[in-house]
1. Using only the alpha-carbon atoms of region 96-183 as identical scatterers, what base-10 log of I(q)/I(0) does the Debye formula give at q = 0.10, 0.15 Å⁻¹?
2. What whole-number volume per residue, in cubic angstrom, does the convex hull of the C-alpha atoms of region 63-126 give?
3. Gain in length, GLU154 to HIS42, computed as 0.36 nm per residue apart minus the alpha-carbon separation, to one decimal in nm?
4. Determine the shape class of region 192-267: with a ≥ b ≥ c the square roots of the Cα gyration tensor eigenvalues, call it rounded for a/c under 1.5, and otherwise prolate if a/b is greater than b/c, oblate otherwise.
5. Please list, short to long, the whole-number percent of alpha-carbon pairs of region 1-46 in consecutive 10 angstrom bins beginning at zero.
6. Take the alpha carbon atoms of region 239-295, find their radius of gyration, then divide it by 2.2 N^0.38 Å using N residues; give the quotient.
7. Run lengths n ≥ 4 of DSSP H only: what is the helix-derived mean residue ellipticity at 222 nm for the chain, with -39500 (n - 2.57) per run over all residues, to the nearest 500?
8. Quick one: the Cα spread of region 1-150 along its three principal axes, in angstroms, biggest first?
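No value in this document is a laboratory result; all are computed from the given coordinates. Quick caveat: nothing in here was measured; it's all calculated off a predicted structure.
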Amino acid sequence: MKTIKIIEVKSEIGAGTRGASLGIDAIKIAALDYGSKFFNNHEIVEIPAGNRSLFDLIHNEYAKHIPEIYDVALKVAYEVKKAVETPGMVPFVLEGDHSTSVGTIAGIKMAYPDKRLGVIWIDAHADIHSPYTTPSGNVHGMAMAAITGNDNLENKINEPVAETKEYWEKLKTIGGICPKVLPSDVVYVTLRDTEMQEDNLIRKFGMKVYTVAEMRAKGIERAAVEVLNYLDKCDIIHISFDVDSMDPSISHGTGTPAKDGISEREAGNFIGRLLYSKKITSFEIAEINPTLDNENIMAENAFEILQKAANQITRVV
């Protein structure tokens, strides 16, 4: 029987909209409203966030706050590594913005440097920009590029300053491993809001994309099985869940909503089915922003999915 360790990372320095740092507390409020003892039943550790840097002047236009993001990612990586190396333990990372996933995935790879790691990226966005291609400079849109070690210089539109380049290389090479994941071992699920530079890279590598329409046409359970089958050659698998994969009609409580997403029930059922796999090492939830949601609906939905995921993973032998 597996146990869960909750790793809280209230960093929002990679996002362009303020408020994601409050997402974890919003999930806890949802748990209290449901009368749940979930957060009493699992070990919890909190990683210090670098949110004070939000008040500083921007020195890295094409990777805002990247020194602080690197610092947070490094701390997360070592905490995740420690959790993954503990027999029977599965880290559940609750994070503000999605840039934290660089640390999560680095930690998994540091724990298993010789294993082939697959990633199921449930997100409306590809997050595969680099400082050389970003239109916004927000690092939460660069997480997959850092994880796969891609600068995408073929589609370069920016000239980052020396400090940006230095910290971008540090971010890509946390743990001395780059890339952490091969593009062929990434499955995008619910992807629907991308830029030309990202599209070109996805086509170049032939990265697997599962659209909302495909999931519904095949059925949620079959779609989950096909995703796992696609990653069959991987030894271990990480699930990264951005709540903007869900449709804004559910809630606008996320910084970058995109229409035509999945429902909260579809998300919960899909993730629950994925967690039947013994290859799953870890799970993360990102980008809940309660400042954009006056009824805390997104956090409530995220908590239900989190609780369902926890119940499922603890039953896997």
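1. Rounded to two decimals, the profile gives -0.23, -0.52.
2. Values: hull volume 6.9 nm³, N = 64.
Output value, Cα hull per residue: 108 Å³.
3. Working: separation 112, 0.36 × 112 = 40.32 nm, distance 4.57 nm.
Between GLU154 and HIS42, full extension yields an extra 35.8 nm.
4. Details: a/c = 1.79, a/b = 1.20, b/c = 1.49.
Note, shape of region 192-267 comes out oblate.
5. Taking every Cα pair in region 1-46, the percentages come to 24, 46, 25, 5.
6. On the way: Rg = 12.3 Å, N = 57, 2.2 N^0.38 = 10.2 Å.
Normalised Rg, Cα atoms only: 1.21.
7. On the way: 10 runs with 115 residues, N = 317.
When only DSSP H runs of four or more count, the value is -11000 deg cm²/dmol.
8. Principal-axis extents of region 1-150 (Cα, largest first): 45, 41, 26 Å.
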